[in-house]
Amino acid sequence: MGSSARPPSATRTSLGRSAWRQPGGPGDLSQLKAEIDRGLRTNRYLGYRESGGWAMQARPVVEAIGEAVDSSPTAELVLLVERAIGHVVKVILEADDSDGLIGDLARELLDLHARACDAGSADPIKLARWMVRFRFDDQDFFEVDPVRYAGALGELGLAAYRREVTKRVEAGGGDSFAATYAQERLAVLDGDAEALVGLLGGDLSRPHQFIRVTEAMAELGRDDDVLSWATRGIAESAGWQVAQLYDLAAGAHTRRGEDQEVLRLRRDQHQRMPSSSTYGLLRSAAEAGGVWPAERPAAREVLAEHDPGGLVDVLLADGEPEAAWQVPGARPGWDPGPQRWVRLAEAREASAPGDALDVYLRLADLQLETTGKAAYVRAVAILKKAAQAAQAADRQGELAAHLTALRETHRRRPTFYARTS
């Protein structure tokens, strides 16, 4: 990797677990600075595999920075962490970081930076300028949240941050994501719900827009507005993301101790978008109120009408294999699918092994309609289950005849033949 990217393990060994304080006495960061410059930079492009190796070699340096932050956060250390972040970001810009390992290092360093600033050691004006410069100029991968840094910035720092953001907006960056994000987070700090709606809501035609506004209201601690926006989003939008609006509304009701409202909400959600998941949410809400036995029949009826697969799932999960087995039989044109059939057969095997055997044989035949080693492996696994069921049902002869017929039919498939011989 060149001199600046060589494995710095030898240096770290001499550095030791607290040697960043040496040689100039307690708090001397000279060695740590040298280690950061040596271990968190590279002078060439890193391919996919090289990126992972580089990240592993760099991790001890990040750990040493973490030790310094935990032990003695200072203004000098804050600047040093910013230097480390800058190095790692430059590496990402010249690397294939598909696994995200270098990005993980950057996120850890950003967290360490915020923690170092929490100690009140950062210059608020310099911190504000660094935050804006880092986000607007240096990169567009990572955010630095003024809400997270509010304590470290204080009034002077926040004022400086606002001025710097305003400069960028007036210079033509007002439509950029960085500018919008900064304005949104400042609105959260200000508790400015109207500004948040304008910034976050867009045309309010899709659930994710309502979600963003509702989440902002939750962050502001305004549960009345959480419920208002979540309820509006539930009524005016559609799609799988609406589930998150139900969750946000339920969270607000829970914080207010309104268990009956949570139950009402989960009942409505289950009726609107029935699944085994919404059944589980309704069950939790009903059990909290001690009314699940009364709610359960209607909840299952909703699944029976709209999601029979979900009904099979919840019946099996509730330990009612006989009721689950009856679901496909009551719907002649409906197929639960191979995975559910296996689970049904496994649950049925204890009481009626012959029924389970019939399912296993049918599924094995179905798998063998597809060529390829993976299909053979799945078929063999099912046939092993069939052997156990055949023994319990005293139908070994029938299984043996079925296997003989399968081997004859698939005699040109040596993999399958070998696995079943």
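Bear in mind these aren't lab numbers, they're just calculated from the coordinates by the rules spelled out. Just so you know, these numbers come straight off a predicted model, no measurement behind them. In this analysis, Cβ positions are derived from the backbone assuming ideal geometry, glycine residues included, and neighbour counts consider all displayed protein chains.
I want to check the label-to-label distance for Arg362 and Phe177. Put each point 7 Å from Cα in the C-beta direction and report it in nm to one decimal.
Inter-label distance under the simple model: 4.9 nm.
Multiplying the sequence separation of Gln241 and Asp118 by 0.36 nm and subtracting their Cα-Cα distance, what value in nm do you get?
Working: separation 123, 0.36 × 123 = 44.28 nm, distance 3.53 nm.
That pair, Gln241 and Asp118, stretches by 40.8 nm at full extension.
Considering the options Gly86, Tyr279, Trp229, tell which one lies farthest towards the positive end of the dipole of the chain, charges being +1 on Lys and Arg and -1 on Asp and Glu at the Cβ, about the Cα centre.
Ranked along the dipole, the leading option is Gly86.
Collect residues whose amide H, placed 1.01 Å from N in the peptide plane, falls under 5 Å from the amide H of Ala95; neighbours closer than 5 in sequence don't count.
Counting only residues 5 or more places away or on other chains, the set is Leu46.
R0 = 45 Å: FRET efficiency of Asp190 with Arg264, Cβ-based, nearest 0.05? Walk me through the intermediate numbers first.
Details: r = 34 Å, r/R0 = 0.75.
Given R0 = 45 Å and the Cβ-Cβ separation, E is 0.85.
At a 10 angstrom cut-off on C-beta neighbours, averaged per residue, how do the peptides 116-123, 49-56 rank from highest to lowest?
Numbers: 116-123: 19.6, 49-56: 17.8.
Taking the mean over residues of other Cβ atoms within 10 Å, the ranking is 116-123, 49-56.
Under a crude label model (7 Å from the Cα following the beta-carbon direction), how far is Glu50 from Ala374 in nanometres?
The two pseudo-label positions are separated by 3.4 nm.
State the extension gain, in nm to one decimal, for the chain segment bounded by Ser351 and Ala323, taking 0.36 nm per residue of separation less the distance between their alpha-carbons.
Numbers: separation 28, 0.36 × 28 = 10.08 nm, distance 1.27 nm.
Stretched out fully, the Ser351 to Ala323 stretch lengthens by 8.8 nm.
Taking 7 Å along the Cα-to-C-beta vector as the label spot, tell me the Glu143-Lys90 distance in nanometres, rounded to one decimal.
2.8 nm
Inverting the mean 1/r over all pairs of different Cα atoms, compute the Kirkwood radius of region 258-336 and quote it in Å.
Working: mean 1/r = 0.0787 Å⁻¹.
After inverting the pairwise mean of 1/r, the radius is 12.7 Å.
Tell me the Rg and the Dmax, in Å, that the Cα atoms of region 223-297 produce.
Considering region 223-297 through its Cα atoms, Rg and Dmax are 11.8, 34 Å.
Calculate for the chain the 222 nm mean residue ellipticity that helices alone would give, adding -39,500 (n - 2.57) per DSSP H run of length 4 or more and normalising by residue count, nearest 500 deg cm²/dmol.
Result for the chain, helices only: -22500 deg cm²/dmol.
What Kirkwood hydrodynamic radius, in Å, does region 347-421 give when the mean of 1/r is taken over all pairs of distinct Cα atoms and then inverted?
Details: mean 1/r = 0.0813 Å⁻¹.
So the Kirkwood estimate lands at 12.3 Å.
In debye, nearest 20: dipole of the chain around its Cα centre with unit charges on the Cβ of K, R (+) and D, E (-)? Write out the running numbers ahead of the final one.
Working: 52 positive and 62 negative charges, 343 e Å.
Result for the chain is approximately 1640 debye, rounded to the nearest 20.
Just the C-alpha atoms of the chain: what Rg/Rh do they give, with Rh taken as the Kirkwood radius? Could the numbers behind the result be given before it?
Values: Rg = 30.6 Å, Rh = 27.2 Å.
When Rh is taken as the Kirkwood radius, the ratio is 1.12.
Name the residue from Ala298, Pro332, Thr214 whose Cα lies farthest towards the positive end of the charge dipole of the chain, charges +1 on Cβ of Lys and Arg and -1 on Cβ of Asp and Glu.
Pro332
By how many nm would the segment from Gln391 to Lys167 grow when fully extended, if each residue of separation counts as 0.36 nm and the alpha-carbon distance is taken off? Could you put the intermediate results ahead of the total?
Values: separation 224, 0.36 × 224 = 80.64 nm, distance 7.95 nm.
That pair, Gln391 and Lys167, stretches by 72.7 nm at full extension.
Work out the length of the dipole vector of region 113-206 about its Cα centre, built from +1 on the beta-carbon of each Lys and Arg and -1 on the beta-carbon of each Asp and Glu, and round it to the nearest 20 debye.
Working: 12 positive and 16 negative charges, 58 e Å.
I would put it at about 280 debye.
Kindly rank 365-372, 65-72 from highest to lowest mean number of other beta carbons found within 10 Å of each residue. Please list the in-between numbers first.
Values: 365-372: 13.8, 65-72: 18.1.
Listed from highest to lowest mean packing, they are 65-72, 365-372.
Counting pairs of alpha carbon atoms under 8 Å apart in space and at least six apart in sequence, what relative contact order in percent does the chain give? Each step should come with its number before you reach the end.
Working: 462 pairs, mean separation 26.6, N = 421.
Once divided by the residue count of the chain, the mean separation gives 6 percent.
Can you bin every Cα-Cα distance in region 79-215 into 10 Å intervals starting at zero and give me the percent of pairs per bin, rounded to whole numbers?
Bin by bin from 0 Å, the calculated values are 11, 38, 35, 16, 1.
Which FRET efficiency value, to the nearest 0.05, is calculated for Gln271 and Asp104 with the Förster distance at 51 angstrom and r the Cβ-Cβ distance? Kindly include the intermediate steps, with their values, before the conclusion.
Details: r = 42 Å, r/R0 = 0.82.
After rounding to 0.05, the efficiency reads 0.75.
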